[in-house]
Amino acid sequence: MNTRKLPWWVHLCAWGALALLFLPLLFVAAESFNANRLGQSWGGFTLQWYTRLAQNGMILLGTWNTVFVATVSTLLSTLLGTLLAIGLHRTPWSKRARQAIQSAIELPVVTPDILIAVTLVGAYGVLRHFSSLFEPGLVTLVIGHACFQISFVTLVVLSRLATIGHEQMEAARDLYATTASAWIRVILPQLFTAIAAGALLAFTLSLDDFIISFFVSGPRSQTLPLLIYASLRRGISPEIHALSTLIVTLTMVGILGAALYVNARNKEGALAHMVRRGIVAMGILLFAGLAFLVVFGRSFQPAVSSEGRRVVTVLMYSEYIDPDMIPEFTARTGYPVQLELYEAQEEMIGKLQASGTGQYDVIVASDVVIPQMVNLGLLQPVDSNRIPNRTNVSPRFRNPIFDPNNRFSWPYLWGTTGVLYRDSNRIPDSLSWADLFEPVRVRGPFVMLDESRTMLSIGLNALRLDPNAKRPADIRAAAEVLIRAKHGALCLGFDGSASGRDKVLAGQVRSAIVFNGEAMAAIGEDSSLQYSIPKEGSSIWVDVMTISATAPNLAGAHAFINYILDAQAGAKLANYIQYGSPNQAAMPFITPEDLKNPVIYPDSSIMARLEFLSEAGSAARLFDEAWTTVKSR
Amino acid sequence: MIELHEGKVTTRGRMLRTGTLLSAPGILLLSLFLFLPMVGLCVMAFASRGSYGSVEWSFSLENLWRLLGFGLFGWTADTFLILVRSAVLAVGTTAICVLLSFPLAFWVASKTKSSRNLLMALIMVPSCTNLVIRTYSWMLVLSSQMPPAWLARNLGLVGPEQGLYPGSLAVFLGMASSMLPFAALPIYTAVERMDWSLVEAARDLYASSWSTFRNAIFPQVQTAVVAAVILTLVPSLGMFVVSDLLGGARHMLIGNLIQQQFGSASDWPFGAMAGIFLVATSLLSLAAFQRWGGGLLPAGKEGRQ
C-alpha cells in the first residue's frame, strides 16, 4: 500500500461511517444499565437486567439456538458457495447460459424473505412425507438460512475471482503446476479475504433473520430475533439490551484478542509471552461463556418427560403470563410447559397453515380470528367435560358470537382499545376521536395504532358508523378519515401499542392509540397520564385459549386451559398482566385497586360504547385494499 | 480452446465437467429448496383467495390487474406510489453506502496490515446486534432530548421541541447504518488487493485526482462496486422494518405490501404475485446494470483458462 497521505475528507468520511455503525451500540449499552424499565429516561444505574438475563432460560436457549444455526449454516454455505463460485468461474459458459446462471445465483438475494420462507415451507411440506428430519426445528432452520447465504458468499467470491483474471493461472501453469495445485497454491490464498468476507456477511445475515426463521422454526428452536420481534408487542425488555451489550463486548474482546495474539506471535521476549498467555486465558473465558450459555440454555429447557408426563406446548404473546405460573402449573399437574411466542397473530396463522399445527397444544389468539382458524381446520373442539373450572367463567364471556357454546375456545383475558394521553385538565368522558382525527382540533403530536382492522373500525366509529360495517362505501369513508388524520401536521405516524405508550411516556407525543394493558403500565409509571374510550365508541376484545387440530398432548392442553380458569390462577394472571379477567370466581383474589380501576374494568356507561369486532370474512380484501390506500397516500 | 498441459489435453468438455462437479452441491440445494418451489409460487400467483384465507386453485389474471392498480375501489395509484417510494429509498441507501464505503475502504487500507484486518472485523461487529435493537436505539439517538436534535434545532433545521425522527432523515440514517457493512466489505476486498503502481503511474503522468480515480482506481474496483450495489440495493428494496420504526410507518413500501398479504390480509396468491413482480423487476434491472458494470462471471473469454 502506498504511504501517501489521504486527503482530510477521506478521514472525515471514514470516521463518519464508523459513527454511523457504532453510535446505536453505545446507546444500547447505556440502556442496559438503565434502571428505568421502559427506558425512555435515565432512571439510575443498575445491573439488574444482567442478573435477570442469567435467569431467563428462554433468552439463553434462544441465544444458543441463534449461534448454533448461524455457525452451522455459515460453514455449510461458505463451503458450498465457494465451490459454486469456483465451479462457475472455471466453466466456459456460453453468453446466454452465463446470464441465466448469474440470475439464478442472484435469485435468493432479490427474493423477499417472506417468499423464501414460503418456498421453503412448501419444500419441507413435501419432504416431510419422506423424513421426519424436515419437521420444523434446527435442521430446517440451518437449511433455510444456508439457502439465502450461499448466494451472498458466491457473489462476493465471484467478484474477487473476476479481478484475479486468468493470467496468474496461466503463469502457474507455465511453471508446470497442475490445475489443482495452481488453484490451491495460487488462487485460493488470494481468495481468502473474499471467502472470509462472504462468510462474515452470511453469518450476520443468519443472526438477524426473522421472517424465514419464524416460518421454519419449531417451539424448541426459537432464535433470538423471534423472541425480540415477539417482545415488540409488549415492549422490548432491557434484558435484550444487556444481552446485546454482552454479545458485542465478547465479540470485540475476541477480535482484539485474536489481533493481539497474531501480533505477539510475531515478536519475541517475555512481554510477548505474557501477552500470549493472557490472550489464551481470554479465549478460554470466551469459551467458558459460551459453555455457560449452552448449559444454562439447556437446563432451562423443560425435559420432554418428567414424571412421565409430556410437555404442553403453548403458543402465545410475549410476556403474556406470570412466569411464576408455569412452575406452579407443572407442580400441580405434572406437565412441563414449553412456550412459543409470536408478535402478530395473522402471521402466526399463516405459519400454522403452512407448517402444520402438530407441534402445538394450546394456542392463545384473539376472538376476531377464531372463525378463520376454525374454518381453516387449525383447531379442534375443546372437550368441556375435561374443563371443570368452566363454571368460573363470567356469563358475559360464555357462548360468545365468534364461538357459539364455547365449542373451540375458553377466554383468557380481555381488554379495550382507547387513547392514552397527557392532559390533566380533560375529563376522560369528553374525549372524541375528532380530537385526534380532525387536524384543527388536535392539540399535540400523536401516533395511531399500526393495525389495519382495528384502525379502520376506529375510523368507522369516528363516523358513528357500525364498526363492523362491510359495505365498500363505509370502509372507504373510514379510510378517508385516517388519511386526513395522517396528513395532519401533528400526526407522527403509526406505531405498535407498546411503542406508542413509550412515546407518550417520553413526552415525544401527547397521545397514542393503545390497548388498556399498555395504558395501565404507563399510568403506573407516570400518574399524570390518562386513558379513555372516546365517546363515539371503540372496540373490546377477548383473547381465548384454543386447542390445535393435531395437538400431540390433548390431556395436557385441557389441563392447561382448566388451570388458567381456576380462581386463584386466573387472579394471578390478571394481577400480573393488568388486563380484565373473564373469570368470575377470580374476582375476590384480584388486587382491589385494579378491580376499581376504570381503565381495566370500565363502568357500564363505557361498556355500552364498546363493541366486539366480527371476523372480516369475505370483506377481508376490502379492509386490506383500504388499508393499503391509507398507507400509500 | 485446447491447451496442452503435462501431456493432458484440457478441453472444453473437461472444464465443463469439473466446473459442473464443483457447482453441483450448491445448485442442487438451491434447486430443491428454492427454484422448484418457486415454480409453484408462480402458479399460486394466478390462484385466488378463499373467503377464510385459504388458497383457491381457480385461475385468473385478477391478481395481476390488482397489482396494476385495478382494485375493488376502482383504479388507484397506490401500487405505483408504493413502488416509487421503495425505489427511491433503496437507490438512496445504496448511493450513500457505496459513496461512504470508498473513503472507509481507503482509510482502512492505509493502515498497517494487522490493524487492517482488525478494523474490517470491527466494521462487522454492529451486525452482531439485532437490526430491531439497533433501529430502536437510533430512535433514542435522534429523539428531541439528544445532542443531534439540539444541534439541528439551533441550526434552524427543525422546529422547536422537535426531534429528528420520525422522518426521512432518520430512515436514511438507519438504512445506511444497517446496510453499510454490505457495501464496505466487497469494496474493501478490492481496494486491499489493488495494484498501486497504476496509481503511481497516473500521478507521474500528472493526472488530476479525479482522473486518477476514474482511470487508474475505478476500473480495478468496478466488479466490487457491482457486487456492493447488488448486496445493498436488493436487500434494501425489500426491507421495511427500518422505515416503519424510524419513519413512523406512515408509508407502505413494497416489502410491507408483500408481508401484509402473508399476514393480516391472508391473501397468499396476491402476495405471491407482488413478490414475483418484485423478483422479476430486480433481476431485469440487475441484468441491465451488469451490462454496464460488467458481469461477475468471466465475459468474452469462453474456453480460456
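Observations, loosely collected:
- Rounded to 5, percent antiparallel among DSSP beta bridges of the protein assembly as shown: 70
- Computed over the Cα atoms of the stretch B:173-266, the ratio of the radius of gyration to the Kirkwood radius (Rg/Rh) comes to 1.22.
- Filter on A:Lys351/A:Lys596; A:Lys503/A:Lys535; A:Lys572/A:Lys631 - keep pairs with C-alpha separation over 31 Å: A:Lys351/A:Lys596; A:Lys572/A:Lys631
- Compared with the alpha-carbon gap, the fully stretched path from B:Ser197 to B:Ser115 is longer by 27.2 nm at 0.36 nm per residue.
- Euclidean distance between Cα centres, the stretch A:90-156 to the stretch A:56-87, Å: 15
- Gaussian network model of chain B, springs between alpha carbon atoms under 10 Å - residue of B:Ala149, B:Ala77, B:Ala105 with greatest fluctuation: B:Ala77
- Working note: Cα atoms of the stretch B:135-197, range along each principal axis, descending, whole Å: 53, 25, 17.
- Percentage of interatomic Cα-Cα distances in the stretch A:382-456 larger than 17 Å: 63
- Calculated over the protein assembly as shown: convex hull of Cα atoms, volume per residue (Å³): 189
- Other protein chain Cβ atoms within 10 Å, averaged over every residue that makes up A:185-196: 2
- Each residue, A:Gln568 and A:Phe22, gets one label point 7 Å from its Cα in the Cβ direction; the gap between the two is 5.5 nm.
- The Cα atoms of the stretch A:162-247 define a convex hull whose projected area, averaged across directions, is 9.1 nm².
- Kirkwood Rh, Cα atoms: Rg over Rh of the stretch B:8-75: 1.35
- Approximate spin-label separation B:Ser168-A:Leu12, in nm, with each point projected 7 Å along Cα-to-Cβ: 2.4
- Added length on full extension, which subtracts the Cα-Cα distance from 0.36 nm per residue, A:Arg52 to A:Ala434: 133.2 nm
- For chain A, complete DSSP H runs whose alpha carbons reach 24 Å or more along their own long axis and whose mean Kyte-Doolittle score is -0.5 or higher are A:8-32, A:57-90, A:138-164, A:188-208, A:238-265, A:270-300.
- Evaluated at q = 0.20 Å⁻¹, a Debye calculation over the C-alpha positions of the stretch A:1-99 (equal weights, vacuum) places log10 I(q)/I(0) at -1.03.
- Only protein heavy atoms count here, probed at 1.4 Å, and on that basis chains A and B bury about 13000 Å² of accessible area in total.
- The simple spin-label model puts a point 7 Å past each Cα toward its Cβ; for B:Asp204 and A:Trp42 those points are separated by 5.8 nm.
- Value in Å of the Kirkwood radius, where the stretch A:436-534 supplies the Cα pairs that are averaged: 13.9
- Quarter the surface of the alpha carbon convex hull of the stretch A:484-603 and you get the mean projected area, 10.3 square nanometres.
- Accessible area of chain A belonging to carbon and sulfur atoms, whole % at 1.4 Å probe: 62
- Restricting the calculation to Cα atoms, the stretch A:103-169 yields a radius of gyration followed by a Dmax of 16.0, 51 Å.
- Reference-scaled alpha-carbon Rg (2.2 N^0.38 Å with N residues) for chain B: 1.25
- Over the stretch A:94-140: Kirkwood hydrodynamic radius from C-alpha pairwise inverse distances, Å: 12.5
- Using only alpha carbons, the stretch A:75-114 has a radius of gyration to Kirkwood radius ratio (Rg to Rh) of 1.04.
The values are calculated or read from the model by the stated rules, or taken from the named source; none is laboratory data. All figures in this text were calculated on a predicted structure; none of them were measured in a lab. Virtual Cβ from ideal backbone geometry, glycine too; neighbours counted across all protein chains shown. These accessible areas exclude ligands, DNA and RNA; they are computed on the full protein's heavy atoms, side chains included. Shrake-Rupley method; radii C 1.70, N 1.55, O 1.52, S 1.80 Å.
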